[in-house]
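The structure under discussion appears below in the form of structure tokens.
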Amino acid sequence: MKENSIDVDVLCVGHACYDLVFSVQKHPESDEKVFADDLVSSGGGPAANAAIAVSRLGLNAAFAGYLGNDLYGEMHLQEFINHQVGTQLIARGNAPTPLSTVLVKPDGKRALVNYKGSTKALLEGDIDFSTIKAKVILLDGHEPYISLKLVELARKLKIPTVLDAGSLHEGTEKLMDKVDYLVASEKFACQVAGDVDSALAVLATKSPAVVITLGEKGLIWQRGDQLGEMPAISISADICDTTGAGDAFHGAFAAAIAKNMSWSDVLSYSSVAGTLCCTKVGARTGLPSKVEHNKVFLSL
């Protein structure tokens, strides 16, 4: 077996950064200083968070992407290892690990600043996927060059692919008509077509299965000729931070596909993970364990 061969339930491909999440009473105005009530620091990034979400739900996950040879890269790598996420497809280099500062208000609304410095997207040959053995591949679009070749390989191997379309950029634009499941945020939908209903119709011509997540309004979907909607999951805990909710949803979505769940269960399973993530400050700290998740999911 080659050194970087993988045999996992879900391979997550894309962005890894390091998050500094500050709890604040309000987002600062121009030239205003505010003081944080709390600080949570951990690894972050859509695909990276999704990989840990999959692992916490009891499935096997691996991450493919970039981490710098710096303090933040080392800390993030150790988090992957601590959560039993496969790291053999991580490229390392001297460009910095991207850093995100997140300001979270008491109502859960957030503001985010991301720094990438000289870090560029990986090139097509930077990661060897030739021995891939995954049940599902999840991509966030932030590594478009390696992702485009990977979806071609996945199609040949009949591996389902899921796109986390958080916003419209080069990667998500190039991948949205090449994946089996297009799971988009409300922001992405509005960027594509102005409103979510129009976007659903447009995106359904790009991918055989489309889900648009709407936060507290739930989600809408189209799968072939079938359309539907699902309200947000109601739980007793308070919502305190929406950071990472989308990543939790996407990770759980890919996990549910890997588990061969029914379509309605895929949507419920994903929604529970996204909702539970909002009950704690920080993306990683909010990702539910299998026990926490099942307590809600099995009660639906």
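Quick note: the coordinates plus some simple rules give every number you see, no bench work behind them. Please read all numbers here as calculations on a predicted model, not as lab measurements. For neighbour counting, all protein chains shown are included, and Cβ atoms are generated from backbone atoms with ideal geometry for every residue, glycine included.
Some values worked out for this structure:
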quantity	calculated
Segment THR101-ASP197, extension gain: residue separation times 0.36 nm, minus the distance between their alpha carbons	31.3 nm
Dimensions (Å) - segment 5-85, Cα atoms, principal axes, largest first	51, 28, 19
Simple Cβ-charge dipole of segment 6-297, Lys/Arg +1 and Asp/Glu -1, about Cα centre, in debye nearest 20	600
Most mobile of ILE81, ILE127, ILE137 in a GNM of the chain (Cα contacts under 10 Å)	ILE81
Cα→Cβ-extended label distance, 7 Å offset, between GLU292 and VAL34, nm	2.4
Positive-pole candidate from VAL8, ALA51, GLY282, dipole of the chain, charges at beta carbon	VAL8
Cα centroid separation - segment 137-166 against segment 243-300, whole Å	21
Projected area averaged over orientations for segment 105-263, convex hull of C-alpha atoms, nm²	10.8
For segment 200-229 versus segment 13-55, the gap between their alpha-carbon centres in whole angstrom	28
Most mobile listed residue (LEU267, LEU77, LEU153) in the chain, GNM with C-alpha springs under 10 Å	LEU153
Residue exposure sequence - ASP37, ASP140 - by fewest surrounding Cβ within 10 Å	ASP37, ASP140
Candidate lysines - alpha carbon under 17 Å from LYS33, same-chain residues fewer than 8 apart omitted	LYS105
Positive-pole candidate from VAL183, CYS240, ILE212, dipole of segment 142-300, charges at beta carbon	VAL183
Other-chain or far-sequence residues with amide H under 5 Å of TYR18's (modelled H)	GLY44, LEU99, SER100
Residues listed by number, segment 267-282, amide nitrogen under 19 Å from LEU300 label point at 7 Å toward C-beta	267-280
Straight-distance crosslink candidates among lysines, where the alpha carbon sits under 26 Å from LYS156 and sequence neighbours closer than 8 are dropped	LYS2, LYS133, LYS135, LYS174, LYS178, LYS206, LYS259
Radius of gyration, Dmax [segment 99-144; alpha carbons; angstrom]	16.3, 46
Kirkwood estimate for segment 6-297, i.e. one over the average of 1/r between Cα atoms, Å	18.9
Whichever aspartates and glutamates have a C-alpha closer than 20 Å to that of LYS280, once near sequence neighbours (fewer than 8 apart) are set aside	ASP19, ASP37, ASP38, GLU79, ASP107, GLU216, ASP238, ASP241, ASP247, GLU292
